[in-house]
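In what follows, a structure is listed as structure tokens, so that the remarks can point back to it.
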Amino acid sequence: TESNRLLAEARREIEEQRERAQIRPKHTFTRLPGFFPRKAEMQTIERTLGGEPAFTVLFGASSVGKTALLREVLSQPQFHVLHFDLRIAGFADLPSLYTRLSTQMEQYFEDIASNMEGYEEFQKEAWCFKHDRINVQNRIADSNDSRARIRTSDVARLMELFQVISALCFQKSNSQTNILQSSLLKYLEPVLIQSTDTMKCLLDSMLVLTKQDKLCHVIHATSDPFYQTWLRQLNVMQHCKIINIGDCTKAETRTFFRDHLIPRVPERLRGRLEFEGLYEAFGGKLAHWQDFITDFVNSHGQLDIRSSSHFLQAHALLNLHIIHSSQAATGAPPGPGDNDTSYTASARESLHPNLGPAGFKIYSPISNPQQGYYSADFTAMQLLKVMSRLTKPDTPYLPYFMLCRELGVRAVDGMVKGRVLDLRWIEPVS
Amino acid sequence: VGPKLIPITPIMRYAMAEVIEEY
């Protein structure tokens, strides 16, 4: 009876293993359903990927559609994508980062092996990652020593392994079949990697993969306006190409409104929606249009712009900033008169408002929930001054450096950090 | 020339006008 039971168990295990092997997650980069095509932006990204391997940073405010755009372009069959979404908290610690990088790379070469003719042998290259992972796991399991845990050097070795195997892969494509037109690509938002050494190691190896060895493209996508400052501090920025994704143009928004939104509204309510008025409020931010129209339909047309959730949130945020700033008892924010002292005192912060001691803490509502909306970096009067200027009809923007000279870097960066203003380093594609 | 500061969203500019009026 006992041996029968063991035999049955072993059989079940084998069967389960076989099943597991068949349900590998596939290429996760698929097109977003209902994607609204944005020609200029797509062409810019395609052109970048069509050229020499480069390190590209894709900027754009949150919910501007960066991910949708990348997914649309990268789901085309000629691209092989290694995708890391660092907004997911699992990347915060080194062991998860290592494991995720390693499994992704293994998957990448397995995909090449199974999807491309003549590349079957790359199945073996995929095993390199698997066995590296097993070695690391064994090392940790065998030892109670704290030195046995996953270190930056493990990530470095992984990147090196990847570099060597990619080089092999590309040599083959040049000499024999020439079919590997693939661009490997990383989509990163390094919000949560807290280890300075690891981040530096990743960035350095990405520079090697792109600039030096010309093996693949690397794309970083971020909505952090201070990301550029951060990359500059790490001596990476000068090697990067910048693309800025902005909101849609008025013409695009009109098309979206006419073709995608209006058909969702019951006919009797359509008369209450007027494009120009809505455009004044929501501009080219399609996500806000979508939310508004959904709420509008749900409320049977009883919703005006001033009671829409995005308006209420913006309105509340401004009021909270003004009230908190005017009532802040301590740490009197610098006035325009004492810029010099405040600059010296907070030079490090002003380079990146959320730069922690590790130097890599990027502003993130996820990692910094308690600071979420409020900071006493500016006075209520300073904010009101900026607001009144920006609402004048002929003032689409304020020059950053000029305002910094006037109010102090800390105050201006505080408004950006406080999610009132966006800092635009270069003009958007559209 | 140089970096520009704009309201973080179009609706933020809209809300700014409203708040300025209130103040």
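Values quoted throughout were computed directly from the atomic coordinates according to the rules given, and no laboratory measurement underlies them. Just so it is clear, the structure is predicted and the values come from calculations on it, not from any experiment. Note that each Cβ is placed from the backbone with ideal geometry, even for glycine, and that neighbours are counted across all protein chains shown.
How much length would be gained if the chain were fully extended between A:S307 and A:E406, taking 0.36 nm per residue of separation minus their Cα-Cα distance, in nm to one decimal?
Numbers: separation 99, 0.36 × 99 = 35.64 nm, distance 3.51 nm.
Gain on extension, A:S307 to A:E406, equals 32.1 nm.
Please find the FRET efficiency linking A:I262 to A:T103, where r is the Cβ-Cβ separation and R0 is fixed at 41 Å, and quote it to the nearest 0.05. Numbers along the way, then the final one.
On the way: r = 45 Å, r/R0 = 1.09.
Computed FRET efficiency for A:I262 and A:T103: 0.40.
Using the basic label-point model (7 angstrom from Cα toward the beta carbon), what is the A:S326 to A:Q123 distance in nanometres?
Result for the modelled spin labels: 7.2 nm.
Provide the FRET efficiency to the nearest 0.05 for the A:A251-A:E46 pair, computing r from the beta carbons and using R0 = 22 Å. All intermediate terms of the calculation are to be shown ahead of the outcome.
On the way: r = 21 Å, r/R0 = 0.96.
Given R0 = 22 Å and the Cβ-Cβ separation, E is 0.55.
Under 14 Å from the Cβ of A:W425, count the other residues' Cβ atoms, weight Lys and Arg +1, Asp and Glu -1, and hand me the total. Each step should come with its number before you reach the end.
Numbers: positive: A:R232, A:K241, A:R424, B:K4; negative: A:D224, A:D413, A:D422, A:E427.
Summing Lys/Arg as +1 and Asp/Glu as -1 gives 0.
Length gain on complete extension for the stretch A:S75 to A:Q238, per 0.36 nm per residue less the alpha carbon to alpha carbon distance?
Net length gain for the segment: 55.8 nm.
On the principal axes of its Cα set, how long, how wide and how thick is the stretch A:33-143? Give whole Å, largest value first.
Extents along the principal axes: 54, 38, 29 Å.
Hey, can you grab everything whose amide H is under 5 Å from the amide H of A:D422? Only 5+ residues off in sequence or another chain; H modelled, so Pro and N-termini drop out.
Under 5 Å from the amide H of A:D422: B:I6, B:I8.
Could you line up A:C248, A:C404 from fewest to most neighbouring Cβ atoms inside 10 Å?
Values: A:C248 22, A:C404 19.
With the fewest neighbours first, A:C248, A:C404 line up as A:C404, A:C248.
Hand me the GluC sites (Glu not before Pro) from the stretch A:261-328 located in a DSSP loop with no more than 14 other Cβ atoms within 10 Å, in residue order please. Walk me through the intermediate numbers first.
Details: sites: A:E267, A:E274, A:E276, A:E280; in loops: A:E274.
Passing both the DSSP loop test and the Cβ count: A:E274.
Using a Förster distance of 51 Å, how high is the FRET efficiency between A:R12 and B:A17, based on the Cβ-Cβ distance and rounded to 0.05?
Numbers: r = 67 Å, r/R0 = 1.32.
After rounding, the FRET efficiency stands at 0.15.
Between A:D295 and A:S114, with labels modelled 7 Å along Cα→Cβ, what's the label distance in nm to one decimal, could you check?
Going from the A:D295 label point to the A:S114 one covers 4.4 nm.
Step by step: find N for the stretch A:226-322, compute 2.2 N^0.38 Å, then divide the Cα radius of gyration by it. What's the final number? Write down the numbers at each step before the final one.
Working: Rg = 18.1 Å, N = 97, 2.2 N^0.38 = 12.5 Å.
Compared with the compact-globule rule of thumb, the stretch A:226-322 sits at 1.45.
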